[in-house]
Amino acid sequence: MAQQKSGNPFLMIDNEDDFVRYRNHIHDGSRTYPMQPVSQQALDALL
């Protein structure tokens, strides 16, 4: 589970407002298939 948490942006976000904003506004425009892990630093830059 630690490996999943370290690369899955949905599991890294611990703030409800940031989670909703990421899911509704950022995710679809910033992620492509096949999905690759996201670092905390990259996620912070998006938020």
Residue check: is SER39 over 9 Å from the mean Cα position of the chain (by Cα) and small (Gly, Ala, Ser)? no
Selection over region 1-44 where residues are of a type in the set (A, V, I, L, M, F, W, C) and in contact with a Pro (Cβ under 6 Å, 6 or more places away or on another chain) yields a count of 2
Residues (surrounded by fewer than 11 Cβ atoms within 10 Å (Cβ to Cβ), modelled with pLDDT under 85 and part of a helix (DSSP H, G or I)) located in region 5-47: LYS5, ASP28, GLY29
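The values are calculated or read from the model by the stated rules, or taken from the named source; none is laboratory data. Quantities reported herein were computed from a predicted structural model and do not represent experimental measurements. Every residue, glycine as well, gets a Cβ built from its backbone with ideal geometry; the counts of neighbours run over all protein chains shown.
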